[in-house]
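This report refers to the structure that appears directly beneath it.
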Amino acid sequence: MVVGAAIAAAFAVTGCAPAGYNAADYGNAAEPASNTAASPGATADPAATSDPVAEADPDATAPPGSDASTALSDDQVTNKLTGTAVKRMGSVVENEDGFVLYRFDSDANNPAKTNCNGDCAKIWPPALTNDGKPTIKGVESKLVGTVTRADGTKQLTLKGWPLYTYIGDKQPGQWKGQNVSGKWFVIKPDGAKNLTCLPAISKPVAPPADDSGADDSGDSGSSGSDYSY
């Protein structure tokens, strides 16, 4: 009994999965939460392989008048994917600026498909790319791919899952987007959800106010509290 209590206490200190946590409830029945932090630069599980039929959504097309061939500028694209570790969460993937990347349960990875557009993409900026060849460290290159978005731009994927950052993360290494709407999760270098630390489900931050609809009150979320993303 004493040993069991000690283990439970250690779990409470090192992780933050809630009481009654069940990985199966989050689509990870075979991947129980782990509180072992990955070593910075650690590679993904060598046994993890990309989905053999994961590919860009064949139905995704650019809207009329868009120019999908126009290259994005450097500040619009994600140039680097790094598998590393952050405090409490452990194994994560970060972009070149050190911001943690996420996956969205409403997307698909087989084939790859993104369903985060419009205001959703303002809150969860997609990891865009021109050539699908970011610098990689601690991530297996065979797991990295792309998906074509509705506007014709290309978004990086990891094991088929489209990658995003979260505007609620104000500093590198933060992961405030974890479990937002019960659909957004930090992604691990092998493409799985990182469920080591699972805060209560929360709503996303409000999308940035557009220039044309300036709200003098400063409350950009007053008309959009019922988010589905």
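The values are calculated or read from the model by the stated rules, or taken from the named source; none is laboratory data. Because the structure is predicted, anything quoted here is derived from the model rather than measured. For neighbour counting, all protein chains shown are included, and Cβ atoms are generated from backbone atoms with ideal geometry for every residue, glycine included. Accessible surface areas use protein heavy atoms only, side chains included; no ligands, DNA or RNA. Shrake-Rupley method; radii C 1.70, N 1.55, O 1.52, S 1.80 Å.
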- [ ] Please work out which residue is farthest from residue 188 (Cα to Cα), limiting yourself to segment 72-90 and to residues that are more than 13 Å from the chain's Cα centre (by Cα) and of a type in the set (A, V, I, L, M).
- [x] 72
Task: Candidates 154, 142, filtered to the one that is more than 10 Å from the chain's Cα centre (by Cα), among the charged types (D, E, K, R), at pLDDT 95 or above and under 17 Å from residue 118 (Cα atoms) - done: 154
Open item on the list: Quick check on segment 95-107. Is at least one of its residues over 18 Å from residue 177 (Cα atoms) and open to solvent by less than 50 Å² (accessible area, probe 1.4 Å)?
Closed with: no
Open item on the list: Of everything in segment 84-123, what is under 21 Å from residue 145 (Cβ atoms), outside any loop (DSSP other than H, G, I, E, B) and among the acidic types (Asp, Glu)? Give them in sequence order.
Closed with: 94
- [ ] Give segment 129-167 a look and list any residue that's within 13 Å of residue 77 (Cβ to Cβ) and part of a strand (DSSP E or B), or say none.
- [x] 129, 135, 146, 154, 155, 156
Task: Residue, surrounded by the most Cβ atoms within 10 Å (Cβ to Cβ), within segment 74-93, restricted to residues that are in contact with a Pro (Cβ under 7 Å, 6 or more places away or on another chain) and closer than 17 Å to residue 128 by Cβ - done: 93
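Tell me the residue from 54, 38, 47 that is at pLDDT below 85, surrounded by fewer than 17 Cβ atoms within 10 Å (Cβ to Cβ) and part of a loop (DSSP other than H, G, I, E, B), please. Step through it out loud before you land on a result.
Working: 54 fails: surrounded by fewer than 17 Cβ atoms within 10 Å (Cβ to Cβ); 38 fails: surrounded by fewer than 17 Cβ atoms within 10 Å (Cβ to Cβ).
Being at pLDDT below 85, surrounded by fewer than 17 Cβ atoms within 10 Å (Cβ to Cβ) and part of a loop (DSSP other than H, G, I, E, B) holds for just one of 54, 38, 47, which is 47.
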Open item on the list: Considering only residues that are at positive phi and either of a type in the set (D, E, K, R) or in contact with a Lys or Arg (Cβ under 6 Å, 6 or more places away or on another chain) (or both), which ones fall in segment 159-184?
Closed with: 159
Task: In segment 177-205, the residues that are free of Cβ contacts under 8 Å to residues at least 24 places away in the same chain and crowded, with 18+ Cβ neighbours inside 10 Å - done: 179
TODO: Quickly run through segment 108-146 and pick out the residues that are charged (D, E, K, R) and surrounded by 18 or more Cβ atoms within 10 Å (Cβ to Cβ).
DONE: 113, 140
Task: Among the residues listed as 208, 199, the single one being more than 20 Å from residue 121 (Cβ to Cβ), assigned to a loop (DSSP other than H, G, I, E, B) and modelled with pLDDT under 95 - done: 199
